[in-house]
Amino acid sequence: MKRISLTQYLVEEQRQHNTIPAELRLLIEVVARACKTISHAVGKGALGEVMGSAETENVQGEVQKKLDIISNDILLEANEWGGHLAAMASEEMETIHLIPNRYPKGEYLLLFDPLDGSSNIDVNVSIGTIFSVLKAPEGMGVPTEQDFLQPGSQQVAAGYAVYGPQTVLVLTTGNGVNCFTLDREMGSWVLTQRNMQIPTETKEFAINSSNARHWFPPVTRYVNELLAGDSGPRSSNFNMRWIASMVADVHRILSRGGVFMYPADTRDTKMPGKLRLMYEANPMAFLVEQAGGAATNGAQRIMDIQPEKLHQRVPVFLGSKNEVERVTAYHQE
Ligand code: AHG
Ligand code: MN
Ligand code: MN
């Protein structure tokens, strides 16, 4: 089998479709290289200084794990010097990160969740990195948070890495979704799946049902109908999976279909859901739509939401189109 590297894929994609100019290619390659470094750190586990809590809190008031901070630092350092970025933003940093003055600036903005699935680090379950790329607005001076507040439909690239039994990188630049597997001996990303497609129908759903007593009626109705199986209104049995790493749940859905939900609930109306719009929901929505699926917040397409804050949260329903449309319709009734 002829191996196609990430670099070859990016160069040929630009040649054929003109969607990956050199600066964006550099950005993607630098992010991919950072993910390789994070994968290496993750793989060391208890043999490296990477497990456990850092005993600090991020802007969301979550206790940071050592790997949250290590991964954030790896991504910052990798992306500062290349001249491809105007600024970065991360789950682990309250404010945006400007490119130091000693380096040239580029036209892209990079957002990331450096380590997704932090609760799974210490138990050796799949975790990952999520990223989203925007263009800096025309005529931007010194970048501000405001420059990042663009709807997901403006993303020029998005992707995630999963650090699991295999390390994979799943990428879109708006022309389908492709999967690369890290060859650990060679240290290179190899194209292993072209044009990933999410089946429109599915028999699998993912939700943290320990929150069921807090759900709003449309979610309760939808999940109860799934749970009723072949004796209920759906006349069919559904299976459930919940990994508690969005990257791993979304990767399963991109691989074989399914619907993923992290709804808002009755607990705190100022905190709609758990997942963050700009560096979790938007990049995943872009990937899922590019693979033929759908992603909504129950009321509208996630990528149409006009962000108001860098760290804002959003309810998420994504995956196989027919199920996402159904649970969204229940919200509208
Ligand atoms: P992070 O580790 O970046 O904070 O994200 C964790 C998220 C997401 O990956 C996952 O789907 C969800 O939190 C799990 O939440 P519960 O612990 O409520 O199941
Ligand atoms: Mn996350
Ligand atoms: Mn995270």
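Any idea how many residues of the range 30-61 are open to solvent by less than 40 Å² (accessible area, probe 1.4 Å) and either part of a helix (DSSP H, G or I) or more than 19 Å from Gly117 (Cβ to Cβ) (or both)? Talk me through it step by step, then tell me what you get.
Step one: filter the range 30-61 for residues open to solvent by less than 40 Å² (accessible area, probe 1.4 Å), giving 30-32, 34-35, 38-39, 41-42, 45, 48, 50, 52, 54, 58, 60.
Then drop every residue that is not either part of a helix (DSSP H, G or I) or more than 19 Å from Gly117 (Cβ to Cβ) (or both), which leaves 30-32, 34-35, 38-39, 41-42, 45.
Total meeting the criteria: 10.
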* Structure fact -> Pairing a residue in the range 74-103 that is in the same structural domain as Val63 (by TED's automatic domain parsing) with any residue that is assigned to a loop (DSSP other than H, G, I, E, B) and within 16 Å of ligand 1 (Cβ to nearest atom), where Cβ atoms lie under 6 Å and the two sit 6 or more apart in sequence or on different chains, gives Ala89/Leu310; Glu92/Asn58; Glu94/Val59
* May I ask you to verify whether Thr269 is of a type in the set (Val, Ile, Thr), without any contact (Cβ under 8 Å) to a residue 12 or more places away in the chain and outside the structural domain of Leu149 (by TED's automatic domain parsing)? => yes
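Restricted to the range 274-302, and to residues that are part of a helix (DSSP H, G or I), open to solvent by 10 Å² or more (accessible area, probe 1.4 Å) and touching a helix residue (DSSP H, G or I) at 6+ places or on another chain (Cβ under 9 Å), which residue is farthest from ligand 1 (Cβ to nearest atom)?
Restricting attention to the range 274-302, the residues satisfying the condition of being part of a helix (DSSP H, G or I) are 277-290, 302.
Filter once more, keeping what is open to solvent by 10 Å² or more (accessible area, probe 1.4 Å): 286, 289-290.
Narrowing further to those that are touching a helix residue (DSSP H, G or I) at 6+ places or on another chain (Cβ under 9 Å): 286, 289.
Values: Phe286: 17, Glu289: 19 Å.
That would be Glu289.
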* Structure fact -> How many residues of the range 11-29 are under 22 Å from the mean Cα position of the chain (by Cα) and in a loop (DSSP other than H, G, I, E, B)? The answer is 2
* Run Gly83 past the list (1) open to solvent by less than 20 Å² (accessible area, probe 1.4 Å); (2) within 13 Å of ligand 2 (Cβ to nearest atom); (3) in a loop (DSSP other than H, G, I, E, B) and report the number of the one that doesn't hold. => (2)
* **Single unsatisfied condition, Leu110 versus (1) within 17 Å of the chain's Cα centre (by Cα); (2) under 15 Å from Asp147 (Cα atoms); (3) not in a strand (DSSP E or B)** => (3)
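Answer yes if at least one residue in the range 136-148 is more than 23 Å from Phe112 (Cα to Cα) and outside any helix (DSSP H, G or I), and no otherwise.
As a first pass, look at the range 136-148 and keep what is more than 23 Å from Phe112 (Cα to Cα): 139.
Applying the additional criterion that residues be outside any helix (DSSP H, G or I) yields 139.
Yes, the range 136-148 contains at least one residue that is more than 23 Å from Phe112 (Cα to Cα) and outside any helix (DSSP H, G or I).
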* **Subset of the range 97-144 that is small (Gly, Ala, Ser) and more than 14 Å from ligand 2 (Cβ to nearest atom) - its residue that is most open to solvent (accessible area, probe 1.4 Å)** => Gly139
* Would you check which residues across the range 230-254 are surrounded by 16 or more Cβ atoms within 10 Å (Cβ to Cβ) and either among the hydroxyl-bearing types (Ser, Thr, Tyr) or outside any loop (DSSP other than H, G, I, E, B) (or both) and list them? => Ser245, Met246, Val247, Ala248, Asp249, Val250, His251, Arg252, Ile253, Leu254
* **Answer from Gln64, Gln8 - the residue that is in a helix (DSSP H, G or I), among the polar types (S, T, N, Q) and surrounded by fewer than 22 Cβ atoms within 10 Å (Cβ to Cβ)** => Gln8
* Assess whether Ala285 counts as being without any contact (Cβ under 8 Å) to a residue 24 or more places away in the chain and either touching a Phe, Trp or Tyr at 6+ places or on another chain (Cβ under 9 Å) or of a type in the set (A, V, I, L, M, F, W, C) (or both). => no
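If I ask for residues that are in contact with a Leu (Cβ under 9 Å, 6 or more places away or on another chain) and among the small types (Gly, Ala, Ser), which ones from the range 210-235 would you list? Full working, then the answer.
From the range 210-235, those in contact with a Leu (Cβ under 9 Å, 6 or more places away or on another chain) are 232, 234; that's our starting set.
Answer for the range 210-235, where residues must be in contact with a Leu (Cβ under 9 Å, 6 or more places away or on another chain) and among the small types (Gly, Ala, Ser): just Gly232.
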* Residue check for Ala89: within 14 Å of ligand 3 (Cβ to nearest atom) and either surrounded by 16 or more Cβ atoms within 10 Å (Cβ to Cβ) or assigned to a loop (DSSP other than H, G, I, E, B) (or both) -> yes
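The values are calculated or read from the model by the stated rules, or taken from the named source; none is laboratory data. All values derive from a computational prediction rather than experimental measurement. Heads up, the Cβs are rebuilt from the backbone with ideal geometry, glycines too, and the neighbour counts pull from every protein chain shown. With ligands, DNA and RNA removed, areas are computed over all heavy atoms of the protein, side chains included. Shrake-Rupley method; radii C 1.70, N 1.55, O 1.52, S 1.80 Å.
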